[in-house]
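Readers should treat all values here as calculations from the given coordinates under stated rules, not as data from a laboratory. Predicted, not measured: the structure shown is a model, and the values here were computed from it. Cβ coordinates were reconstructed from backbone atoms using ideal geometry, including for glycine residues, and neighbour counts include every protein chain displayed.
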Amino acid sequence: MPQEMLVRYRSGKETFEVATHPGAVTKYREGTLKSLDEVLVSDVVFTDYHKRLRASELELKSVFGENYNKEEVLDKILRKGDFQLSAAERRQKLEQKRNEIIEYVHKNFVDPKTHLPIPRMRIEQALETVRPRIDMDQSADRQVALMMSKLSACMPMKKHQVEGTLRVPHGVLGASNAVIRSYCTVAREHYTSEGAVLEIMISPGDYDAFIKALNNASKGNFHLDIAGAAASAAASTEEKPGKKTKPKGTKGRHG
């Protein structure tokens, strides 16, 4: 294990580096470590640590101001600079992202034969077989899309989508349209004197976020029927399943 890890802060043409103890920067940013002494190998700011080139007063003042404070400079470098994760941190983040991928598949895909959610253990076994390269910084849904063909080859899977009929008045359609198109697949749509009627499909995992975003965009003025049960802008994540209320600003009958 290296004795120190570098944090590199860039501003314009200037680069500043400080040496830290392995794993300490993440804990400092999370608030687990609060003292600079617990994080830094030394409080010296370098322009090139490997060449042991120390930052001059002129270089520091050009970026941090004439009356810069040394501790504030070190804090900024630690919080805003780039650094490499330790081996343990990297393993932890990869495991976390792997679990996110498993959970995403479990929530959004079904076995095409049984139409039931795919068990997490089965998804985990499929990942062991496929052995995809997991990216710590890329979203789970994007990575599943990229590995879809390989995953489905060893584990039959079908995207599970909820179908519904969405009614949005003309007055809020412009503001709501971007939200609808970003979360849903619109199978059919037609317009009446009151507004738009859209036949939509949406992944169960996106449903709560969609309702919240649409509620904000339409100011609560929409009506959604899902699987024969009426839902509305009031169907927020805080409500109990099946509860039906008439949200403020929403007109019409709610079943």
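Quick notes on this one:
- If you take the Cα centroid of the range 24-75 and the Cα centroid of the range 171-210, the two points sit 50 Å apart.
- Length added when fully stretched, Lys80-Asn67, from 0.36 nm per residue minus Cα-Cα: 2.7 nm
- By the helix-only formula, in which each DSSP H run with n ≥ 4 contributes -39500 (n - 2.57) and the sum is divided by residues, the chain has a 222 nm mean residue ellipticity of -12500 deg cm²/dmol.
- Counting only Cα atoms, the chain measures 71, 48, 32 Å along its principal axes, largest extent leading.
- Note on the range 20-156: the alpha carbon radius of gyration divided by the globular reference 2.2 N^0.38 Å gives 1.56.
- Its Cα gyration tensor gives the range 87-159 an equivalent ellipsoid. The semi-axes, each the square root of 5 times an eigenvalue, are 22, 11, 11 Å from largest down.
- Ascending count of other beta-carbon atoms within 10 Å, so fewest first, for Leu6, Leu166: Leu6, Leu166
- Take every Cα pair under 8 Å whose residues are at least 6 apart in sequence, average their separation, divide by the length of the chain, and the relative contact order is 12 percent.
- Shown here for the range 36-81: GluC sites (Glu not before Pro) in loop regions (DSSP other than H, G, I, E, B) with at most 14 other Cβ atoms within 10 Å, namely Glu66.
- For q = 0.16, 0.22, 0.23, 0.24 Å⁻¹, Debye-computed log10 I/I(0) when each Cα of the range 5-83 counts as one equal scatterer: -0.53, -0.99, -1.07, -1.16
- Cβ-to-Cβ counts within 10 Å put Cys184, Cys154 in ascending order as Cys154, Cys184, the fewest first.
- Proportion of all alpha-carbon pairs of the range 95-225 beyond 22 Å (%): 45
- Summary: within the chain, the longest segment free of trypsin sites (Lys or Arg not before Pro) located in DSSP loops with at most 13 other C-beta atoms within 10 Å is 134-242.
- Exposure proxy shown here: for His50, His170, the number of other Cβ atoms within 10 Å sets the order, fewest to most, as His50, His170.
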